[in-house]
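This report refers to the structure that appears directly beneath it.
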Amino acid sequence: MNRNTSFFWAADDLRVVEENDDSVVLGIDIDDDDRDNNKGVSIPIGESHSTSIDYDARPPDAIPLINSTKGSETANRVRPYGSTTNDLNHNVSRAREETKKAFPIQRTVFPHQAKGSPSRSLRKRAPKGLRFQAVIWHIGNIDVQLGQVTMRFRLTLYWNDEKYDEDQLEFPHGTPPSPNTRKKAQERIKYSNTMWVMEGRQCACRKQMTNQNSILEMVDVPPVSILNAVHFDTVGAPEVCMLDEEERLLRWTCMYNAVLTQGDHMFVGNFPHDSHLLELRLGVLCDRGKGRRWDHTVYPLMLATEADSQGSSRIPCGMIVDHVRVPDFVFDANHLRFEMLPMLSFGGHSCNKQPSHSTTSCDTFLQITLPVVRESCQFDRSIFPILIALNIIAVSCMPRNFGSPTASTETMLSIAFVQVGIRLTVDSRLPGVGYQIKMQQVMNQCFWLICGLVLESNIVFFLVVKLNFDESDLPIFVLDIGTAIAALLYNFRITRMYWKDKPSSPSLTK
């Protein structure tokens, strides 16, 4: 009786070649009926990947292929023609070598299913962490009194989902598509008409566009927190999508309007030459403990890379868009810094503050800082030069002491009232804080200088009129000259104090 059968050399169910004392397996099963009839199967070597085998026309040394799972009893029962185990092993080895020569491209086993290596579907993907990207779209007024700033930014988070796609296998060239491969192709066609929708804060669902009620897949989303936000609201709804099906690269993004507290460093004692660091702190607080869903040792916080952003921005980890302006401040967009700092108290995790403490054993958060410098042109070129000029004019009025009893005094007091008017105008533009700032100190010293000159003029008048000193006497001359020199030196000190702490930022962008 003739019986034909066909098979593929590199099918999905091809198993590892194993040898023992009783049986040899090449990954092809023989039906129980064939074993009962004691009919062996020969392996013809040819060009085709499938062939027909004539059982009656087998050669005398044909070797049966049996399943090792049946045990040695079955192997002894179906071994034909009185061949021994050594003969069986020798002939199978010869058949194997001939098969390799005839099919040099094919493999009897897949690389991921090689002997001693775990199955690909069982291998755990090495975590790449949670990667952040922050793009700043707007910066509002800086409230130095409250230490707050309003900011609009788009926050994007990239991560690789831990679920591994078991159907993604690499087959040898020329191998027909397996059922798993065909299934995956159908799934890709099905997923081409799907979308991702956020379900709450920590979950995203994949749904069909035609049927919103059907959930094809669900993934966990890391709950991002703005650590220094006083209050915030979202612009639109958060979006999530899968950028790479094979790598399971996911992207979550959302636009925020937030009021951010800046802490105690918002000090304006150097006004109008004060500078500040605007801070945005981001982190993940939920389930960051050991063994939790977002274990910080398994999912460390990182910055996005070019592979994540895929060319969507010039700088993968984040940037400031070109149209951003900060009222009354200037900045350099290239000075935007991204730092990973240890989480000291957020989320209930505490870390050792010693410098030698490793950040791998402590959770971290992302701090984005932007240095800004106040735009002081109005004070530098308008207000301060007028104050210095009024001081010099007041010194030049000293020779008028004896023009009339009140000539120089009236002039100096007029200058003092001008300075008081300037101060009342400038005070409306100064920050309302509970300590003295540099601009107030400058105006105070200018006013005290005028008051000192008026006092000297009155003393000289008293000496000449009441004590009968002559105007040309040495004490009167020394007093006038000494007071004028001291006033000019004090004026120089005021100028030096004003310009001393002015930051130099030639590359700043307004």
Item checked: segment 417-510 - percent of accessible surface contributed by carbon and sulfur, probe 1.4 Å -> 65 percent
Next item on the list: Would you please give the FRET efficiency between CYS286 and THR210, computed as 1/(1 + (r/R0)^6) with r the Cβ-Cβ distance and R0 = 41 Å, to the nearest 0.05?
Entry: 0.75
Check: In segment 415-485, what chymotrypsin sites (Phe, Trp or Tyr not before Pro) fall in a loop by DSSP, with at most 12 other Cβ atoms inside 10 Å?
Finding: TYR435
Item checked: Förster-model FRET efficiency, 60 Å R0, GLU162 and GLU375, C-beta, rounded to 0.05 -> 0.75
Item checked: At most 13 other Cβ within 10 Å, DSSP loop - GluC sites (Glu not before Pro), segment 219-282 -> GLU245, GLU246
Notebook entry, point to check: Quick one: Cα centre-to-centre distance for segment 187-262 and segment 472-494, in angstrom?
Noted result: 75 Å
Margin query: I'd like the distance between the alpha-carbon centres of segment 290-350 and segment 366-399, rounded to an integer number of Å.
Written below: 37 Å
Notebook entry, point to check: Among the trypsin sites (Lys or Arg not before Pro) within segment 426-479, which fall in a DSSP loop and have no more than 11 other Cβ atoms within 10 Å of their own Cβ?
Noted result: LYS466
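The values are calculated or read from the model by the stated rules, or taken from the named source; none is laboratory data. These figures come from a predicted structure and were not determined experimentally. As a convention, Cβ positions derive from the backbone with ideal geometry for all residues, glycine included, and neighbour counts pool all protein chains shown. These accessible areas exclude ligands, DNA and RNA; they are computed on the full protein's heavy atoms, side chains included. Shrake-Rupley method; radii C 1.70, N 1.55, O 1.52, S 1.80 Å.
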